[in-house]
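All remarks here apply to the structure that follows.
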Amino acid sequence: MTLENNDIYRRALQFQERRYFCTPNSVNYLVIRIKGDVSEDLLKKAIFKCQTRHKLLQARVFIKEKSDIWLTNEKFKDIEFESIQRKNDNQWLEKCIFENSVYFDYYSQPLIKFILIYSKEISELIIKTDHMFADGLGFSYLARDLFEFLENPSKKVEILRPPPLVNKDIIPSDVSDNVFAKKVIKYVNKRWKKNQLILTKEDYRELFDSYWNKYKTKYEQINLTKKQTTKLLYLCKKHKVTVNTVLFTALIRAQSDIVSNKQKKGGISLSTRDRLNENLDGLYGFYATGIFLSFKNNPNKSFWEQAKDFHKKFNEKLNKKTYLINLLRFNQLDSSINDGIIVKMFGDIISDKYKNFDKLSTYSKKKDVVSFILNWTVNKHFDFGLTNLGSIDLKEKYGDLNIDRVYYLPHTSPSTDIILSAVSSSGKLSIGIAYIENIIERSTIYKVKRYLKELLEL
């Protein structure tokens, strides 16, 4: 099949995208459980229409010069599709765990894969994508488009504009950085260019293989019924807090009681789509950041009192708009600095059996300007992470197909103990617990899971 109106699309990777380029742990999954007989032929045609509609579903990466990484929609492969016969209810979960260690071919294909775990009565559709191009709402828009094309195969494709770049032009004008930070960024860029690390395709692959030889991501699920979801939403409204607040409070309480009652540090994902000067509705792309904060459990307060305390603290942090200032800073940094960051973060785990062991291992221990950036920004240990897609924009019924439930599996990190994810569809909330087996004991995760269910009154 040939794409309609396939205009040439070329641009350089932004800093935020480059953060995830060839990073070993950058894959996320949206999994949709479907009741009804899914036509593989119609599904493939719907995927193709989505690829026609969204520019980033056509994009592949190419190295323009040394560390200058660009996107293009020239000479790309079709989106990868795989169909597997369904054997049991947990097959989709095992497939996602396996797919973590399957390397995306960044240089020839779009960074997305569709996997259908099929039976005539019930199937799971797995959408695997690199975080480089997809935030939670982007996932939601893509899923909505896909099922609309499935329901109406003759529906005409409305081709969307390429997602706009995140830069100072679309960041609100009342957000500005201080002079000192600007000078630091200028200094960092200058020092980096003077002693820049150049990574090759082989370097990236060796880092990826080393990572997945060492670490194994696991997932647990807490699946609420419609009745339980309705009750939780009622309690949130009653106590004037959000589901995000409740999930965060429950996780803090569980970790405090099971692991230790020290101050907990972590990050909460935040969409920037409604905070930028652009209409980003419907666009598949990456418009997200994080808010980082610490919070200590107070066992003398009730659960809902704690939830209100956190809700207040989170909103205070949100109102400071630090996350937008950080976007400005990232925009000014040389995007290739991320090559240094990835090696600093993962170079110490590379095996000496690899050809480039000396190069990567030596640089990972080197004290330079990239070490300074990591200490300043991301090189910290976190107790938790939370990402909530909210109520995903899917109907409960599309023709003869029923959306039973949606799951969201986020990427994990050795520097974060537990990542909690949430997504709601068809009136049912699905909560995921993602972790790395080498970092935290599975028995601890099971205790956390049980405690979370008790706190959420399930």
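The values are calculated or read from the model by the stated rules, or taken from the named source; none is laboratory data. As the structure is a computational prediction, the values presented were derived from the model and not from experiment. Cβ: placed from backbone, ideal geometry, glycine included. Neighbour counts: every protein chain shown.
Picking from residues in the stretch 375-403 that are free of Cβ contacts under 8 Å to residues at least 60 places away in the same chain and touching a strand residue (DSSP E or B) at 6+ places or on another chain (Cβ under 8 Å), the one that is farthest from residue 337 (Cα to Cα) is 397.
Considered as a group, the residues in the stretch 444-458 that are part of a loop (DSSP other than H, G, I, E, B) and hydrophobic (A, V, I, L, M, F, W, C) include one that is nearest to residue 422 (Cα to Cα), and that residue is 456.
Name the single residue that is surrounded by the fewest Cβ atoms within 10 Å (Cβ to Cβ) among those in the stretch 388-411 being hydroxyl-bearing (Ser, Thr, Tyr) and modelled with pLDDT of 95 or more. Write out each step before concluding.
From the stretch 388-411, those hydroxyl-bearing (Ser, Thr, Tyr) are 391, 398, 407-408; that's our starting set.
Those still in the list that are modelled with pLDDT of 95 or more too: 398, 407-408.
Working: 398: 19, 407: 24, 408: 24.
Among those residues, the one meeting the criterion is 398.
Residue by residue through the stretch 302-321, note down the ones that are over 11 Å from residue 291 (Cα atoms) and in contact (Cβ under 8 Å) with a residue 40 or more places away in the chain. Passing the criteria: 303, 304, 306, 307, 308, 310, 311. For the stretch 108-141, filtering for residues that are hydroxyl-bearing (Ser, Thr, Tyr), modelled with pLDDT of 95 or more and not in a strand (DSSP E or B) leaves 2. Among the residues in the stretch 64-79, are any within 23 Å of residue 126 (Cα to Cα), assigned by TED's automatic domain parsing to the domain that holds residue 31 and among the β-branched types (Val, Ile, Thr)? Within the stretch 64-79, one or more residues are within 23 Å of residue 126 (Cα to Cα), assigned by TED's automatic domain parsing to the domain that holds residue 31 and among the β-branched types (Val, Ile, Thr).
None of 158, 151 is among the acidic types (Asp, Glu), under 22 Å from residue 111 (Cα atoms) and modelled with pLDDT of 95 or more except 158. Applying a threshold of 6 Å to beta carbon distances and a minimum spacing of six or more residues, or different chains, the list of pairs starting in the stretch 362-374 at a residue that is surrounded by fewer than 16 Cβ atoms within 10 Å (Cβ to Cβ) and ending at one that is in a helix (DSSP H, G or I) reads 374/344. Residue 225 passes every criterion in (1) under 30 Å from residue 368 (Cβ atoms); (2) in contact with a strand residue (DSSP E or B) (Cβ under 8 Å, 6 or more places away or on another chain); (3) loosely packed, with under 14 Cβ neighbours inside 10 Å; (4) of a type in the set (Ser, Thr, Tyr) apart from (1). Entry remark, the stretch 242-293: residues being in a loop (DSSP other than H, G, I, E, B), in contact (Cβ under 8 Å) with a residue 40 or more places away in the chain and of a type in the set (Gly, Ala, Ser) number 2 in total. Being among the β-branched types (Val, Ile, Thr) and touching a Lys or Arg at 6+ places or on another chain (Cβ under 9 Å) holds for only one residue in 79, 47, and it is 79.
This table checks each residue for (1) of a type outside the set (Lys, Arg); (2) not in a strand (DSSP E or B).
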| position | (1), (2) |
| --- | --- |
| 156 | no, yes |
| 161 | no, yes |
| 168 | no, yes |
| 173 | yes, yes |
| 188 | yes, yes |
| 213 | yes, yes |
| 219 | yes, no |
| 222 | yes, no |
| 227 | no, yes |
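For residues in the stretch 71-106 being of a type in the set (Ser, Thr, Tyr) and within 25 Å of residue 215 (Cα to Cα), which is surrounded by the most Cβ atoms within 10 Å (Cβ to Cβ)? So, considering only residues that are of a type in the set (Ser, Thr, Tyr) and within 25 Å of residue 215 (Cα to Cα), the one surrounded by the most Cβ atoms within 10 Å (Cβ to Cβ) is 106. Please verify whether residue 297 is of a type outside the set (D, E, K, R), out of contact with any helix residue (DSSP H, G or I) (no Cβ under 7 Å at 6 or more places or on another chain) and not assigned by TED's automatic domain parsing to the domain that holds residue 143, treating the condition exactly as stated. So residue 297 does not fit the description; no. Are any residues in the stretch 340-389 closer than 29 Å to residue 408 by Cβ, part of a helix (DSSP H, G or I) and assigned by TED's automatic domain parsing to the domain that holds residue 413, and if so, which ones? 374 - this is the single residue of the stretch 340-389 that is closer than 29 Å to residue 408 by Cβ, part of a helix (DSSP H, G or I) and assigned by TED's automatic domain parsing to the domain that holds residue 413.
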